[in-house]
Amino acid sequence: MAKVTSKYQVTVPKAIAELYRIRPGDEIDWQPGGDVIRVIPGGTRVESQSRESQLRLFDQATQRLRQRPARRKTKRPDGRGWNREDLYGRGRSH
């Protein structure tokens, strides 16, 4: 795992740099992707990639989303808090 320095610099792990042929002085692009950050070597923006490549990235992100556990909203067991009916009727005489 890489650590961010006080100057907001990050070291690319050697195995990743070799796998993606990232060399000292190369540019990399940082793109937000929901809960993740996508690092793209060579400054290649997703917009300039082929449609097939964009669709493949979208499918991968969709698959990751489906694998996440579903978050369900649950009511507090003590019955505290507002519900929709309380909010709509608040301050009105019945």
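The values are calculated or read from the model by the stated rules, or taken from the named source; none is laboratory data. Since the structure is predicted, the reported quantities are computational estimates derived from the model, not experimental observations. In this analysis, Cβ positions are derived from the backbone assuming ideal geometry, glycine residues included, and neighbour counts consider all displayed protein chains.
If the condition is being modelled with pLDDT of 85 or more and among the β-branched types (Val, Ile, Thr), then region 35-55 contributes Val36, Ile37, Val39, Ile40. Pairs meeting the criteria (first residue in region 43-57 and within 22 Å of Gly25 (Cα to Cα) and loosely packed, with under 11 Cβ neighbours inside 10 Å, second residue at pLDDT below 85 and not acidic (Asp, Glu), beta carbons under 9 Å, at least 6 apart or on different chains) are lacking. Scanning region 20-38 for residues that are assigned to a loop (DSSP other than H, G, I, E, B) and within 18 Å of the chain's Cα centre (by Cα) yields a total of 2.
Quick one: is Lys7 of a type outside the set (A, V, I, L, M, F, W, C) and modelled with pLDDT of 85 or more? Answer is yes for this residue.
Beta carbons closer than 8 Å, at least 6 apart along the sequence or on distinct chains, pair a first residue in region 16-40 that is loosely packed, with under 13 Cβ neighbours inside 10 Å and of a type in the set (Asp, Glu) with a second that is assigned to a loop (DSSP other than H, G, I, E, B) and modelled with pLDDT under 90 for Glu27/Gly42; Glu27/Gly43. If the condition is being of a type in the set (Val, Ile, Thr) and modelled with pLDDT of 85 or more, then region 56-90 contributes only Thr62.
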